[in-house]
């Protein structure tokens with residue numbers, strides 16, 4: 001059956017949104033197009049257009065007068081979420097210039113979520129556009145440069161922080177020039193709405209950038225390193241759109257620096273936010289674990305590629321009574337620590353209650369053994385366990401989980 005007949009049949013009978021999306025941008029005859037325009041009501045068009053990318057929505061504006069009127073006049077969803085990506089090595093300049101032209105004509109209050117994945121030249125032009133044409137209701141902005149070797153010039157945050165921006169993600173950008181405590185820190189504007197900031201770059205992240213964001217709750221860093229004195233996040237402003245929080249501090253922290261010489265900054269950042277953290281994901285070698293003790297609100301702990309002894313991890317877990325997810329991956333310890341661990345285990349058998357724990361993931365943790373399993377108690381909430389390449393855990397440890405420790409266990413992966 002031809003595309004014309006298929007589309008006409010769906011317009012006259014039962015409407016399948018997925019099929020219409022597949023056929024919308026095909027070349028169809030004007031007669032069939034007119035019949036579709038007559039048969040499909042406005043709400044059906046809105047549902048269908050909502051499944052399309054911004055690029056395809058732009059293409060649909062040229063199909064018919066009614067489609068153009070719906071997209072550009074009647075339906076606010078045309079501009080609500082915009083995602084534009086081009087991963088080609090040699091993209092067509094006219095295409096992204098056309099995208100910039102469309103974006104420059106967008107209603108200021110219409111754009112809420114904007115994602116762009118492109119080359120440095122395009123992102124430079126886009127940042128300038130965002131600076132000169134403000135989108136006051138923009139809530140989330142993701143700018144990702146696909147060229148790690150040739151990054152855009154240093155970024156002035158004043159060009160990006162829209163009035164209501166809540167989530168900002170920058171990948172393969174440079175931080176502001178002269179990023180000492182002065183004078184650049186004065187250029188970083190105070191912003192009460194920003195709650196999430198993600199940074200991925202081969203250039204170190206200067207931590208002073210977060211100092212002026214009092215309501216920041218999520219900080220994710222995939223970078224060569226983090227630099228500078230860790231700032232104290234100020235308490236939330238009572239005039240903020242969020243409820244005032246007298247403590248201030250991060251709730252979710254992801255730290256995956258490549259340079260392990262700077263882990264003192266990572267440890268300090270965790271320490272300063274230890275009482276507010278709900279989610280900690282850290283990849284750092286030789287990080288001193290002692291400052292992490294006492295994280296009373298922590299629910300999700302993910303530790304990767306770190307030299308910790310089993311005793312240290314148990315000390316940490318014991319100070320996280322609200323823990324729901326425990327994920328340990330690629331952990332090891334020195335021979336001295338291993339000997340010390342065995343001596344400590346002979347002295348005492350620990351009992352750590354974790355009544356909220358729902359999931360355990362252990363992956364390539366050479367030092368973990370059956371003692372670790374025996375030390376965890378009150379696991380009534382535990383339903384999911386994955387143990388992979390942890391050769392110290394034997395069949396006995398597995399049976400302890402199955403029979404004694406976790407009565408509500410639904411899934412156990414053991415290899």
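Residues 400, 387: which one is part of a helix (DSSP H, G or I) and surrounded by 15 or more Cβ atoms within 10 Å (Cβ to Cβ)?
On inspection, the qualifying residue turns out to be 400.
What pairs can you find where one residue is in segment 198-224 and modelled with pLDDT under 75, the other is in a helix (DSSP H, G or I), and their Cβ atoms are less than 6 Å apart, with a gap of 6+ or different chains?
Hits for this filter: 208/185.
Does residue 331 satisfy the condition of being closer than 27 Å to residue 278 by Cα, crowded, with 17+ Cβ neighbours inside 10 Å, modelled with pLDDT under 90 and under 33 Å from the mean Cα position of the chain (by Cα)?
Answer is yes for this residue.
Looking at 321, 291, which one is closer than 25 Å to residue 350 by Cβ and modelled with pLDDT of 85 or more?
Unique residue meeting the criteria: 321.
Quick one: how many residues across segment 156-174 are part of a loop (DSSP other than H, G, I, E, B) and at pLDDT 70 or above?
Here the count works out to 9.
The values are calculated or read from the model by the stated rules, or taken from the named source; none is laboratory data. Small disclaimer: the values here were computed from a predicted structure and weren't measured. Methodologically, a virtual Cβ is constructed for each residue, glycine included, from the backbone with ideal geometry; neighbour enumeration extends over all protein chains shown.
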